[in-house]
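Worksheet for the structure shown next.
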Amino acid sequence: MAKYISETLQTPVAYECDVLVAGGGIAGVSAAVAAARQGSKVILLEKQFLLGGLATAGLITIYLPLCDGKGHQVSFGLAEELFRLSIQYGYEAKYPSAWLEEQSKEGTAQDRQKQRFEVRFNAQLFAIAMEQLLKKEGVTILYGTAVCGVQVEKDKIASLIIENKSGRSAVKAKSVVDTTGDADICMMAGEAIELFEGQNALAAWYYSAGEKGFDLNMLGVIDISDEENDGTMIKLIPKTFQGVDAMELSEMVQNAHDAILDDFRKKRMQDETLLPTTFATIPQVRMTRRLSGKYTMTLQDERREFEDSIGIISNWKKRGPVYEIPFSALHGTKIKNLITAGRSISAQDSMWDVTRVIPACAVTGEAAGTAAAMTDDFEALDVAELQGRLEKAGVKLFIKSLEM
Ligand SMILES: Cc1cc2nc3c(=O)[nH]c(=O)nc-3n(C[C@H](O)[C@H](O)[C@H](O)COP(=O)(O)OP(=O)(O)OC[C@H]3O[C@@H](n4cnc5c(N)ncnc54)[C@H](O)[C@@H]3O)c2cc1C
């Protein structure tokens, strides 16, 4: 079989915008909202037909904490706005009354130390609420659209090649936010990238309904804090997955479906009424490929002061540690008008495990979108001006500015 075929392509330019956001997960939604609020013409491309990525299509319905586990909120701005939006039409579990009911007896400092500022939302309601928000902000959403290539001219992305129901076409943008989760655009554009060496254990989450009501079955290793981990988490299969190869991902998803069927059959023996209602429709991968940025975060960055901080996150695994995220972890040095956010920012393995979760994706998404509205050269951006705009939007940038 021949290794390559040659195609002759004449690609029509279908769309133009100021800021192109590739991927509509939590990071992409945050970036698109932030850029639109700065007055940019924004297009968001999403290969699924719903927003939220892993958080909705992937059934990861736990919005991990906005607080440090010691009673202090650390993530603000869109991280908090999306948190509240996720439960605007109802929540599933873990309602953080001590944080959301200001006037209640529960809302005391002591209660906030015990109860973390997290919640379990409903995937479908959150996806629709995010879509409504984007429409309100004037973002153009293009669903069913996968970015399959980029055209780089000198050191900038001039256009992105997309494929959707209308065929193959190009989008021209001044700046590009890579929120594909897997740094797809960074990879396509030739920006420096790294793969996650540890690879992904199989997860197979599904919802079911039965005698006990509606339930989330979290099969496989789950993201719970060290204090909640009672050691009962089991690896479903020994094999692990890198998550950036089409055939390997297909195998992973089929393994997840097998695990769901096995689990359902066992549970059905106890409850004849039990039925699965939804399973994840995108692969449940945690860390795959990321930017190797101008700065790469590590766990040693705990409480470190960064002059170019764009927001603060906590550590979902334990109470106490907090981190400022430097702007320089969001962009590289090769492609000037490309920035990333979400689970593909520049962070080393154990820190990557901290920066990949939902609140951190919102924090980095908001910063990336705001920056993308300001420039087509991220290395040359006036970071103080970016910080001013983020603060104006309600983001807290420095740990020392928190009341702790
Ligand atoms: C098993 C598991 C359990 C987890 N548990 C938790 C938890 O309890 N709480 C928590 O906060 N976090 C948890 N996480 C992590 C968290 O869910 C994700 O890391 C986070 O939601 C990632 O958001 P994102 O926007 O960066 O990327 P994603 O959610 O991956 O979004 C990327 C989006 O881009 C789209 N896309 C990808 N490539 C392209 C392309 N080429 N063209 C167009 N669109 C594209 C995708 O369809 C997707 O919608 C868990 C993750 C896993 C896998």
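Could you say which residue among 213, 181, 144 is open to solvent by less than 40 Å² (accessible area, probe 1.4 Å), out of contact with any strand residue (DSSP E or B) (no Cβ under 9 Å at 6 or more places or on another chain) and not aliphatic (A, V, I, L, M)? Can you show your working first?
Details: 181 fails: out of contact with any strand residue (DSSP E or B) (no Cβ under 9 Å at 6 or more places or on another chain); 144 fails: out of contact with any strand residue (DSSP E or B) (no Cβ under 9 Å at 6 or more places or on another chain).
Exactly one residue qualifies, and that residue is 213.
Evaluate the range 345-364: report whether one residue or more is at positive phi and either within 11 Å of the ligand (Cβ to nearest atom) or in contact with a Gly (Cβ under 7 Å, 6 or more places away or on another chain) (or both).
Within the range 345-364, not a single residue is at positive phi and either within 11 Å of the ligand (Cβ to nearest atom) or in contact with a Gly (Cβ under 7 Å, 6 or more places away or on another chain) (or both).
Any residue that is under 26 Å from residue 35 (Cβ atoms), within 16 Å of the chain's Cα centre (by Cα) and away from the ligand (no atom under 11 Å from the Cβ) - is there at least one of those in the range 98-121?
No, because not a single residue in the range 98-121 is under 26 Å from residue 35 (Cβ atoms), within 16 Å of the chain's Cα centre (by Cα) and away from the ligand (no atom under 11 Å from the Cβ).
Can you tell me which condition residue 187 does not meet? The list is (1) within 12 Å of the ligand (Cβ to nearest atom); (2) at pLDDT 90 or above; (3) open to solvent by less than 60 Å² (accessible area, probe 1.4 Å), and all the others hold.
For residue 187, the exception is condition (3).
May I ask you to verify whether residue 132 is in contact with a helix residue (DSSP H, G or I) (Cβ under 6 Å, 6 or more places away or on another chain), modelled with pLDDT of 95 or more and open to solvent by 30 Å² or more (accessible area, probe 1.4 Å)?
The answer is no for residue 132.
Would the range 46-63 turn up any residue that is charged (D, E, K, R), open to solvent by 40 Å² or more (accessible area, probe 1.4 Å) and within 12 Å of the ligand (Cβ to nearest atom)? Working first, answer last.
So the first thing to find is which residues in the range 46-63 are charged (D, E, K, R), and the list is 46-47.
From what is left, the residues that are open to solvent by 40 Å² or more (accessible area, probe 1.4 Å) are 47.
Subset that is within 12 Å of the ligand (Cβ to nearest atom): 47.
Looking for residues that are charged (D, E, K, R), open to solvent by 40 Å² or more (accessible area, probe 1.4 Å) and within 12 Å of the ligand (Cβ to nearest atom), one finds at least one in the range 46-63, hence yes.
Within the range 266-374, which strands (runs of 3 or more DSSP E) (wholly inside it) include 1 or more residues that are surrounded by fewer than 24 Cβ atoms within 10 Å (Cβ to Cβ)?
275-279, 289-291, 309-314, 322-326
Name, by its number, the condition in (1) near the ligand (Cβ under 6 Å from one of its atoms); (2) under 30 Å from residue 225 (Cβ atoms); (3) of a type outside the set (S, T, N, Q); (4) open to solvent by less than 10 Å² (accessible area, probe 1.4 Å) that does not hold for residue 22.
All conditions pass for residue 22, except number (2).
With the range 161-212 as the region, which strands (runs of 3 or more DSSP E) entirely inside it contain at least 3 residues that are closer than 30 Å to residue 237 by Cα? Give the derivation first.
Values: elements: 167-178, 193-195, 203-210.
Ranges flagged: 193-195, 203-210.
Residue 388 - would you say it is more than 29 Å from residue 59 (Cβ to Cβ) and in a helix (DSSP H, G or I)?
yes
Quick one: how many residues across the range 249-265 are open to solvent by less than 80 Å² (accessible area, probe 1.4 Å) and either farther than 18 Å from residue 281 by Cα or in contact with a Leu (Cβ under 9 Å, 6 or more places away or on another chain) (or both)?
7
Step by step: first the residues of the range 93-122, then only those that are of a type in the set (Gly, Ala, Ser) and out of contact with any helix residue (DSSP H, G or I) (no Cβ under 7 Å at 6 or more places or on another chain), then the one that is surrounded by the fewest Cβ atoms within 10 Å (Cβ to Cβ). Which residue is that? Show your work before the answer.
Here is the first cut: in the range 93-122, the residues of a type in the set (Gly, Ala, Ser) are 93, 97-98, 104, 107, 109.
Filter again for out of contact with any helix residue (DSSP H, G or I) (no Cβ under 7 Å at 6 or more places or on another chain), leaving 93, 97, 109.
Details: 93: 12, 97: 12, 109: 9.
So the residue we want is 109.
The values are calculated or read from the model by the stated rules, or taken from the named source; none is laboratory data. The structure displayed is predicted, hence computed values, not measured ones. Cβ atoms come from the backbone with ideal geometry, glycine included; neighbour counts cover every protein chain shown. SASA here: full protein model, heavy atoms, side chains in, ligands and nucleic acids out. Shrake-Rupley method; radii C 1.70, N 1.55, O 1.52, S 1.80 Å.
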